[in-house]
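Quick note: the coordinates plus some simple rules give every number you see, no bench work behind them. Fair warning: this is a prediction, and the values are worked out from it, not measured in the lab. Positions of Cβ are backbone-derived with ideal geometry, glycine not excepted, and every protein chain shown enters the neighbour counts.
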Amino acid sequence: MIDTVRAGRLRRFVIRSLAGAIASLLWGAPAMARPEYALKTKLNCTACHVTPWGGGPRNLMGKAYGAHGHAPSKISMYSDLYYGDVRFIDYIPTAPTTGASGASLMEAAITGDVPIIQGERGQEMRAVLTYNDATLSGSQVREAYVRFQMPSDHEADATYVLLGRFYVPFGLLTDEHRTYAQIQTDSRLNDYDVGADLSGNFSHDWHYDLAVVNNLNTGGNFTAQDWSLAGVVNFRWNPAHLPVLLGLSGEYERYSFNPTPYAGAFYAGLSLDGISHGSLKGSVFYEFVGAKNWDSPAVNGGGINPGLGSFFVPASQGAYLNSLSSSTSLGQYVWLRYELSQFWNLIYKMDYLALDASNTGDAYWRHGFGFESFLNSNLILDARFEKAFAGAPGIGGNDVLAVQSDFLVMLRLWI
């Protein structure tokens with residue numbers, strides 16, 4: 001029994017020591033922007049995340065990185081069998097509104113991440129389950145999948161197969177479900193689908209994701225279609241010798257009662273550290289999304305979040321929204337992060353969406369300026385002012401989320 005206790009203490013000591021070393025090496029990376037971390041360190045997403053294309057629950061290395069230079073907490077670093085994420089938001093429109101405003105609990109999610117079978121050469125079967133219960137996002141199962149890791153001599157070269165419920169690997173993954181380019185194709189990080197995925201690396205620089213899911217718009221639930229099927233592909237080039245990251249994504253859904261929705265995305269990142277040899281610290285990301293037949297309310301309903309119609313078009317403009325059902329939409333996204341210090345970053349974000357590519361004068365714009373602060377190893381504060389514009393006549397009014405200028409404050413606690 002004494003040997004067992006000693007072994008447990010030794011294990012926890014080794015884990016915490018390694019975590020501290022990793023955290024000290026990675027303190028310059030932000031704790032929420034996964035693409036920025038991949039761009040800066042040139043590591044694969046599975047170095048820090050359970051999901052092969054990034055985002056979601058973290059492993060021990062991801063927790064150490066998330067401490068952002070602070071001493072990692074013992075409860076976080078004790079094990080990678082669990083992960084928790086709690087987020088509070090205060091949303092303050094700059095003009096009176098009958099819609100959303102005030103403070104609320106946005107997320108309260110807990111993840112279990114359990115290795116079921118482990119074999120030689122990294123072979124593994126792992127079960128992942130996340131449950132969320134929050135005022136804004138409701139009670140729901142999020143990730144619920146089995147991950148198979150195929151045998152390989154090096155973990156960085158591993159191939160993964162996922163079976164179950166997950167968010168699809170389309171476009172540039174960001175934490176914010178209010179990002180226009182994600183609403184455009186209903187592909188936010190809290191939009192989950194059920195199916196299978198194959199992910200891996202052609203080489204150290206090239207990553208791929210190939211997913212087949214039931215559909216892209218029922219949250220992994222049954223569909224009223226006679227049958228539906230959707231495919232998603234994602235390719236990412238992150239060369240070790242260049243300060244850039246480039247990616248291409250595509251998705252197509254077989255739909256029997258509505259026009260078939262499909263979309264493509266191009267995204268790119270540039271490391272300021274890399275091009276300035278360290279004199280500037282930060283990164284810039286850009287994404288362009290073109291989508292066809294995604295404006296239809298029957299296709300893009302939004303799930304737990306507001307759908308495209310309710311987010312961008314007031315109820316009084318139903319005829320205008322219906323006229324867009326088979327249109328081609330164009331979305332753009334820009335994210336700039338500049339590091340002031342180890343614990344403070346300046347942030348600029350731009351959202352753009354033209355619901356009809358043939359009439360870009362009716363497009364929506366939003367510019368956001370703010371900061372993020374890493375208060376300690378497990379607490380992050382984000383604050384931003386956003387100025388929104390709508391070009392389409394009759395879309396004005398502060399009860400439409402897409403035209404609300406606002407102050408946004410978010411406090412995030414994770415374990």
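Couple of notes before you dig in:
- By the count of other C-beta atoms within 10 Å, a proxy for reagent exposure, Asp113, Asp193 are ordered fewest to most as Asp113, Asp193.
- Lysine pairs in the range 2-414 whose alpha-carbon atoms fall under 27 angstrom of each other, counting only those eight or more residues apart or on distinct chains, come to 14.
- Rounded to whole Hz, the Karplus (6.51, -1.76, 1.60) HN-Hα couplings of the range 289-305, x for glycine and proline: 10, x, 9, 10, 6, 8, 7, 5, x, 5, 9, 10, x, x, x, 6, 9
- Contour minus Cα-Cα distance for Phe222 and His204 (0.36 nm per residue): 2.7 nm
- Shape call, the chain: gyration tensor on alpha carbons, a/c limit 1.5: prolate
- Mean-position separation - Cα centroids, the range 124-193 and the range 283-327, in angstrom: 22
- Between the range 194-238 and the range 333-407, the alpha-carbon center distance in angstrom: 28
- With Cα atoms, 0 to 90° folded angle of helix 2-26 axis to the chain main axis: 50
- Expected 222 nm ellipticity per residue - DSSP helices of 4 or more, -39500 (n - 2.57), all of the chain, to 500: -4000 deg cm²/dmol
- Across Gly66, Gly368, Gly102, mean-square fluctuation computed from a Gaussian network of the chain (C-alpha pairs under 10 Å connected) peaks at Gly102.
- From the Kirkwood radius over Cα pairs of the range 121-217, Stokes-Einstein at 10 °C and 1.306 mPa s returns a whole-number translational diffusion coefficient of 108 µm²/s.
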